[in-house]
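To start, the structure under review is shown below, and the notes come after it.
The values are calculated or read from the model by the stated rules, or taken from the named source; none is laboratory data. Keep in mind that what you see is a predicted model, and the values were worked out from it rather than measured. Note that we place each Cβ from the backbone using ideal geometry, even for glycine, and neighbour counts take in every protein chain shown.
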Amino acid sequence: MTRVIALFFLFLNISAVNANNSLIAIVNNKAISYKSIENKIIDSKSSEEKILIIKEHIDILLQLEKAKEFQVSALQKDVDLTLQDIANNNHITIDQLRSYPDFFLIEKEVYEKISILNLQRFITKDLVISPEEIFIQCSKKNSEKDLKQIKIAQIIISELDNKITNDKEKEVEIKSFLNKISNHISKGASFETFAKLHSQHPSYLNGGVTDWLTVNTQTMKILAELKENKVSKIYLTDFGYAIAIKIDERFISSKLGKCEEELIYVNAEEFYFNWVSSLRENAFIKIYEEKL
């Protein structure tokens, strides 16, 4: 009788182990056992909650699979650095952290989060929002236009005769040349043509025209006051001496920069969410709900 009872309890233990290791889902060619996500669903009270957790786990597996495919999985050194930060933030040594009973779960989670973050950056790295779209969207959100910007065309000269070594003589020569160009333009010559012929800045390709520049320096304030087709006085830039004309001006919200960051983030987040959804739609997924 004692032997029968012992065998009965042994059978119960084996059944419990088998239940813990039972197959609850398949993703492509990978099996998900109850044991592998037990720590995530152990406190779930309803089947709906458990299914939601399993679906989230499936999304993680699909992303990790892609991270490996694109070779952006977390490097061990990055995992180690993050673990060290966790230890520091909790005022313990890394050895004390490693002695924690569930350390392997912490290390696994760190690896997964870094890998997925790397994947997010990889997938969204080529996303671009045009300056016009940013301006339109952010202007709607921030109606107060308290920041002035101008667009100018410049002719920048850094050197004319490399035989001249004296800085003062070089400055005089450059300014004299710019004054001659300025006189021609003031008499009706094309600024764009002279910029393409003589400017030594990469912007010469499009006639010296800049992007929108914020009026936040004394030089910008002077240029902002220029009348139409009026050539500026000679001024110094990081690339050399220059003359300019004002092309256009506008007023924007000083919060535009922050709005731009938020818009780029939201756009990337939405793009990545849709990309993960497509992974899920194209994957073979089977969840054994009756085993939950």
- Task: Hey, can you tell me all the residues within the stretch 131-186 that are among the aliphatic types (A, V, I, L, M), part of a helix (DSSP H, G or I) and in contact with an Asp or Glu (Cβ under 7 Å, 6 or more places away or on another chain)?
- Result: 134
- Provide a single number: the residues in the stretch 206-253 that are in contact with a Ser or Thr (Cβ under 9 Å, 6 or more places away or on another chain), not in a strand (DSSP E or B) and not basic (Lys, Arg). 14
- Message: Tell me whether the stretch 61-69 contains one or more residues that are among the aliphatic types (A, V, I, L, M) and not in a helix (DSSP H, G or I).
- Response: no
- Message: Just the residues that are closer than 30 Å to residue 242 by Cα, of a type in the set (Lys, Arg) and loosely packed, with under 15 Cβ neighbours inside 10 Å, please, taken from the stretch 105-160.
- Response: 145, 151
- Item | Positions within the stretch 23-60 being in contact with a helix residue (DSSP H, G or I) (Cβ under 6 Å, 6 or more places away or on another chain) and in a loop (DSSP other than H, G, I, E, B), in sequence order | 34, 44
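Residues are listed down the side, and each one gets a yes or a no for (1) surrounded by 12 or more Cβ atoms within 10 Å (Cβ to Cβ); (2) under 17 Å from residue 149 (Cβ atoms); (3) in the same structural domain as residue 61 (by TED's automatic domain parsing):
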residue	(1), (2), (3)
206	yes, no, no
215	yes, yes, no
220	yes, yes, no
223	yes, yes, no
242	yes, no, no
260	yes, yes, no
282	no, no, yes
- Item | Residue in the stretch 161-191 that is modelled with the highest pLDDT, counting only those that are surrounded by 15 or more Cβ atoms within 10 Å (Cβ to Cβ) and over 17 Å from residue 233 (Cα atoms) | 170
- How do the pairs read when you match residues in the stretch 115-131 that are farther than 8 Å from residue 72 by Cβ with residues anywhere that are among the aromatic types (Phe, Trp, Tyr), using Cβ under 7 Å and keeping only pairs 6 or more apart or on different chains? 120/272; 123/272; 123/275; 124/271; 124/272; 127/271
